Amino acid sequence: MSARYGLIGHDISYSKSPLIHRYMAKKLAIDMTYDLFEIEADEIPDLIDDLRHGIFQGFNVTIPYKETVIQYLDQLTPKAKMINAVNTIYMKNGLVIGDNTDYDGFVGLLETNHIDVRAKNVYILGTGGAAKAVYHALNDLGAHVTVVTRNKADKDQTYHRVIEYRDIKPNFVDIYIQATPIGTFPNVNVSVLTKAEVEGKIVVDLIYNPLETQIMKDSKKGIGGMGMLIIQALKSEEIWFNQKIELTDQLMKQLKEVVLDE
């Protein structure tokens, strides 16, 4: 019987994750399926129980459940505990473990695009699960990080320097990290910031559908989230399959073609 994996989220019919995992399953000669689970929050415990009972072998988690899912897990890896968000779930020694490969995906995205954040003023737009992984990665890389939120009164204790959107002063910004869902397909013509706020700036948008979001179009240099999607997916597979996967330039090219040629 095929090993069963999948993505837990809400409004995720656009997701390209199944294409990546199914391609890699063939490449690695692993008999597995990977499906989308568009569910309500109260349905999460049932899927976790199915994992415990061997019906599934692992899950990825996306918006809006990267934090919600934690309460149903037995243990977090040090990285997931630090970030307080989970995007990869698996069984180990009879326990349901939560991990976070968004961190690795984001660091890999910066590296492959030769973006040096050390000592730069980097503004993260959004405060969700992906933003948390980005925040910790940027701190570890030596950036000066500011988190931008709609309402400072709802401040998450994870973040040290938090401002509201109206308080952004573009002259102080070197790089924006766009970590909200705003601009995702099909709402491709909207942006969380105005053109005046981003022109002349580098924007890294974690969205990968569309390939070029409105905020990227308005910027000096826009980098989309496709590379992060691929890297975090491969890191999840390394955990699930307990094997190292070498991400060569050729493999990255193949996986991008798999996603784009659908």
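FYI, it's all coordinate maths here, none of it is from the lab. Source: prediction; values computed, not measured. Glycine gets a Cβ as well: all are built from the backbone with ideal geometry, and neighbour counts include every protein chain shown.
Tabulated values for the structure
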| read-out | value |
| --- | --- |
| Phi-based couplings in Hz for the stretch 5-20 (Karplus 6.51, -1.76, 1.60; Gly and Pro marked x) | 10, x, 10, 9, x, 9, 6, 10, 4, 6, 4, 9, 4, x, 4, 5 |
| Vicinal HN-Hα couplings computed from phi for the stretch 165-175 (Karplus, 6.51 cos²θ - 1.76 cosθ + 1.60; Hz; Gly/Pro x) | 4, 5, 9, 5, 10, x, 4, 8, 9, 9, 9 |
| Value of [θ]222 nm, deg cm²/dmol, for the chain, DSSP H segments ≥ 4, -39500 (n - 2.57) each, nearest 500 | -9500 deg cm²/dmol |
| Vicinal HN-Hα couplings computed from phi for the stretch 112-125 (Karplus, 6.51 cos²θ - 1.76 cosθ + 1.60; Hz; Gly/Pro x) | 5, 9, 6, 9, 9, 9, 4, 6, 8, 8, 10, 10, 8, 8 |
| Electrostatic dipole magnitude of the chain [Cβ: Lys, Arg +1; Asp, Glu -1; Cα centre; debye, to 20] | 800 debye |
| Segment residue 53-residue 212, length gained on full extension (0.36 nm per residue, minus Cα span) | 53.1 nm |
| Two-site label geometry, residue 39 and residue 2: point separation in nm, points 7 Å out along Cα→Cβ | 1.9 nm |
| Quarter of Cα convex hull surface for the chain, i.e. mean projection, nm² | 13.7 nm² |
| Computed FRET value (nearest 0.05) for residue 150 with residue 261, which takes r as the C-beta separation and R₀ as 51 Å | 0.85 |
| FRET efficiency estimate (nearest 0.05) - Cβ-Cβ, residue 13 to residue 82, R0 22 angstrom | 0.10 |
| Amide H partners (placed H, <5 Å) of residue 98, local residues excluded | 75, 76, 77 |
| Helix axis angle, 226-241 relative to the chain longest principal axis, alpha carbon, degrees | 30 degrees |
| Distance (nanometres) between label positions extended 7 Å along Cα→Cβ at residue 113 and residue 31 | 4.0 nm |
| Built amide H within the under 5 Å cut-off of residue 120, gap 5+ | 144 |
| Residue-span extension gain [residue 160 to residue 63] - 0.36 nm each, minus C-alpha spacing | 32.6 nm |
| Order by protection proxy (mean Cβ within 10 Å, highest first), peptides 84-90, 217-223 | 84-90, 217-223 |
| All aspartates and glutamates inside 18 Å of residue 120 as judged from Cα atoms, apart from same-chain residues fewer than 8 positions distant | 111, 140, 174, 197, 199, 205 |
| Computed over the stretch 174-262, Cα set: Rg, Dmax in Å | 14.9, 47 |
| Amide H contacts under 5 Å for residue 67, placed H, 5+ residues apart | 86 |
| Protection proxy ranking, peptides 198-211, 156-169, average beta carbon neighbours within 10 Å, highest first | 198-211, 156-169 |
| Rg/Rg_globular for the stretch 104-224, with Rg_globular taken as 2.2 N^0.38 Å and Rg from C-alpha atoms | 0.96 |
| Pairs from 16/256; 169/201; 81/235; 27/244; 195/220; 152/220 whose Cα-Cα separation, in the structure shown, is over 21 Å | 152/220 |
| Segment residue 220-residue 75, length gained on full extension (0.36 nm per residue, minus Cα span) | 48.0 nm |
